[in-house]
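So the structure is just underneath, and the comments pick up after that.
The values are calculated or read from the model by the stated rules, or taken from the named source; none is laboratory data. Given the structure is predicted, the values throughout are model-derived calculations rather than measurements. Every residue, glycine among them, receives a Cβ derived from its backbone with ideal geometry; neighbour counts consider all protein chains shown.
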Amino acid sequence: MVKESKAKQPPAEGRAGSRSDLSLEGMRRTFREHILYTQGRFPEIATRNDLYMAMAYTVRDQLLHRWIKTVEQLRRTDVRIVSYLSAEFLLGPHLENNLINLGIHDRVCRTAEQEGFDIQTLFEQEEEPGLGNGGLGRLAACYLDSLATLEIPAIGYGIRYEFGIFDQEIRDGWQVEHTDEWLHLGNPWEIARPEIFYQVSFGGRTEPYEDDRGRYQVRWLPHRTVKGVAYDTPILGYRVNTCNLLRLWKAEAIESFEFEAFNVGDYYGAVDQKVFSENITKVLYPNDEPIQGKQLRLEQQYFFVSCSLQDMLHLHKLIDGDLSRFSRRFAIQLNDTHPALSVAELMRLLVDEHEMDWDAAWEITCTTFAYTNHTLLPEALEKWPVDLFATLLPRHLEIIYEINRRFLDEVKTRYPGDNARVARMSLIDESGGRYVRMAHLACVGSHAVNGVAELHTQLLKDDVLHDFFEMMPEKFSNKTNGVTPRRFMVLSNPGLTRLITAKIGDDWISRSEELRRLEQFVDDGAFREEWRQVKRENKQRFARLILERTGIEVDPSSMFDIQVKRLHEYKRQHLNVLHIVALYNRIKLDPACDLCPRTFIFGGKAAPGYFMAKLIIKLINSVAEVVNRDPDVSGRLKVVFFPDFNVKNAKFIYPACDLSEQISTAGKEASGTGNMKFSMNGALTIGTLDGANVEIREEVGAENFFLFGLTAEEVSSLLKNGYQPSAYYQGNPELQAVIERIRSGHFSRGDRELFKPLLDSLLFHDPFLLFADFASYVEVQRQVDQAYRDQETWTRMSILNVARMGKFSSDRAIREYCRDIWKVKPVPVSLE
Ligand code: NBG
């Protein structure tokens, strides 16, 4: 892969003979020892999993060595630690990534080859921890990588779900979900810390009392208590010694509970209690869709927030002791509103448990927290029924009321007589039922609020959080998302990495602006040919995987047109399908029509309860079935639904793409990060002016981006003035033919009912304006078709995309958070 050279610093070799010995001989010895003494196997009968585990432990030893050095360094320096609170971390497989970051990937692969075993099968063996739904969880993982790479002391805090995101199977064209048993063969990357645990309580009631100093205090008499146990995963930076921690909490029963029940003879009751407690961290919930007010989800949120804050207070006490300096020690980032309860919990811990004055506690709270918003979809903004809150977290509800009372007093002072504003800004939504608005709680309790792309931040200020922006504009800023080039270029696209590095060296891996230097080679024909060769090989590699997973044979010389992301109506996978059917109709009508051969590839999971999204998957597969078998279109169109899109197979997908579909309704996609991963791997984008697409287009140049569709402003004014999908339908015969083709049952073996809910939704409501954007989309797709025929020009555009994508490295994003929000600086770690 990359030359193991200078980039940052050479990997230190560690002490010969010890487990930190990074020499080949040292690692070989450690590996053999782990087969014997960790796995308990003779090498001759070791299974593939034994080999993988031994390899993982060998690498983990290196990480732990660096982690210890990182902690030692922290104890010597008085620094602020970034604490990233997120209900999701979608890490993906660790092994290969860690080899890259250690700077020994190539060496290890070569040695494995020499010794005659296939290291790819070991990479393949690793179950990925799918502890996230999509973009938000993956962003958290990219940020952990960048934090460590930039040598920023940081801890990620989250939940150790026993079952992560479900595995997706496609059966008869429908999505079928299977539980994700990622832990069944053990997880060599984590260290269980049974001695690091905190108690978390739920339910019961509160009771006022007077303390020794005669002050009014409240005591919470909870109904039940569980225990949160820490599981630590080391997160190493790229070619540095900084190794941070991801600390995930698992819920367990408190032993004393069982004993109590046991003593009164209710043994099985005690066991029930244990099962009940452990339920809290059983399963990951879907997000970015209507929240269902599930009690267990609120329990999860409170559980991990409380464990994490108690842990931080504990660490702070160990190092400092003076609680008033807490915010000097920790900068806490709230990744969306899932951890927003932190605001109330920190207040409770400081005021109730540590008997601090309200005002002092509030000052600490506000200077500690910062909040990132990740969605504009009104149905995805979290709000919890007040009743549920009152039963589960009675003390927190009181605290939220008190925060609200004081906050609304300020609002009233600033805007006298403006009762409508007070109602809009209240932490409690009383516009029909009573709900706690988590985004408002996060805004009020934080000193900084940010969106994840320029457009998204602007829309937050203009719309969703407009009142808050007006009252406290200084809190708001934009932090455009980024993705890590280590996983999404170096690991995923070794061919491209080699080619780039041969031309400009490997500094770009940690200094992505350096990619600009590729621009000087766009006119070099030989370089362009090498560039195409890399793409060709990546497409062949992916074609083999497609065949293996779906049985569909695709032609690597056709254009790979790819849309992979969660299934959602706003992301408009069905707009893509309408275009495919339009092409299909054209060929049926005129078999000689001139179209460049394309393979349309989809991937993504639908939330298990999201009927329309699941129907779209069925539609894709139904169209695929007919198109792929129709001799009239043979060699010209292919459609594939690639099952179980996840971080592990993403590495085969992004590098193989020619055309990246980023076609959400403008104003709906907060940022998108898949858009970045594709473009960094040399795909050209067809997209709307939505989320980070806007900035990607600005960076790569309008002439290297296929733009279509309404702007966010046009979308909102069209909706305001009464959007009529039928008007667009009537005016567009090609669209009519497409809808008719689906309605006729052509793709559903004559069944005219199957897709009716989807078609009716489009014809009569079309909330995501597919019909309004259809003509423009089809026209720009025609331009794509033309452009692809000129491979020299296409390659130039592809090179320029990669060269100009440096901005979208998560390193840049994290530098901005460090500078503007967290106010932290690198703390280099040495192995001496
Ligand atoms: C998602 C947005 C994406 C964005 C990621 C990361 C949620 C709630 N939001 O557009 O839909 O890229 O967050 O910021 O998952």
Next item on the list: Look at region 561-619 and say how many of its residues are among the aliphatic types (A, V, I, L, M), touching a residue at least 40 places away in the same chain (Cβ under 8 Å) and part of a helix (DSSP H, G or I).
Entry: 14
Check: Can you name the number of the only condition in (1) of a type in the set (Ser, Thr, Tyr); (2) crowded, with 21+ Cβ neighbours inside 10 Å; (3) touching a residue at least 60 places away in the same chain (Cβ under 8 Å) that Thr58 fails?
Finding: (3)
Check: Quick one: which helices (runs of 4 or more DSSP H) sit completely within region 325-427 and have at least 1 residues that are in contact (Cβ under 8 Å) with a residue 60 or more places away in the chain?
Finding: 326-329, 342-348, 358-368, 386-392, 394-414
Notebook entry, point to check: Counting just the residues of region 115-151 that are among the hydroxyl-bearing types (Ser, Thr, Tyr) and surrounded by 24 or more Cβ atoms within 10 Å (Cβ to Cβ), which one comes out farthest from the ligand (Cβ to nearest atom)?
Noted result: Thr149
Check: Do we find a residue being within 16 Å of the ligand (Cβ to nearest atom), within 19 Å of Leu284 (Cβ to Cβ) and assigned to a strand (DSSP E or B) anywhere in region 91-114?
Finding: no
Note to self: Can you pull out every residue in region 433-442 that is surrounded by 19 or more Cβ atoms within 10 Å (Cβ to Cβ) and either more than 16 Å from the ligand (Cβ to nearest atom) or farther than 15 Å from Thr368 by Cα (or both)?
What the structure shows: Tyr435, Val436, Arg437, Met438, Ala439, His440, Leu441
Check: Looking only at helices (runs of 4 or more DSSP H) that fall completely inside region 717-800, which ones have 1 or more residues that are at pLDDT below 95 and over 23 Å from Glu661 (Cα atoms)?
Finding: none
Checklist line | Criterion violated by Glu169 - all others in (1) touching a residue at least 24 places away in the same chain (Cβ under 8 Å); (2) touching a helix residue (DSSP H, G or I) at 6+ places or on another chain (Cβ under 9 Å) satisfied | finding: (2)
Next item on the list: Those residues that are crowded, with 21+ Cβ neighbours inside 10 Å and either free of Cβ contacts under 8 Å to residues at least 60 places away in the same chain or part of a helix (DSSP H, G or I) (or both), I need them from region 447-458; list them, please.
Entry: Leu455, His456, Thr457
Next item on the list: Please go through region 480-538 and pick out each residue that is surrounded by fewer than 20 Cβ atoms within 10 Å (Cβ to Cβ) and of a type in the set (Asp, Glu).
Entry: Asp507, Glu513, Glu514, Glu519, Asp523, Asp524, Glu529, Glu530, Glu537
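Let's see how each residue does on (1) in a loop (DSSP other than H, G, I, E, B); (2) crowded, with 21+ Cβ neighbours inside 10 Å; (3) within 15 Å of the ligand (Cβ to nearest atom):
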residue	(1), (2), (3)
Asn649	no, no, no
Glu661	no, yes, yes
Ile686	no, yes, no
Gly691	yes, yes, yes
Gly709	yes, yes, no
Check: Only one of Phe808, Phe771, Phe755 is under 30 Å from Arg328 (Cα atoms), in contact (Cβ under 8 Å) with a residue 12 or more places away in the chain and not acidic (Asp, Glu); which?
Finding: Phe808
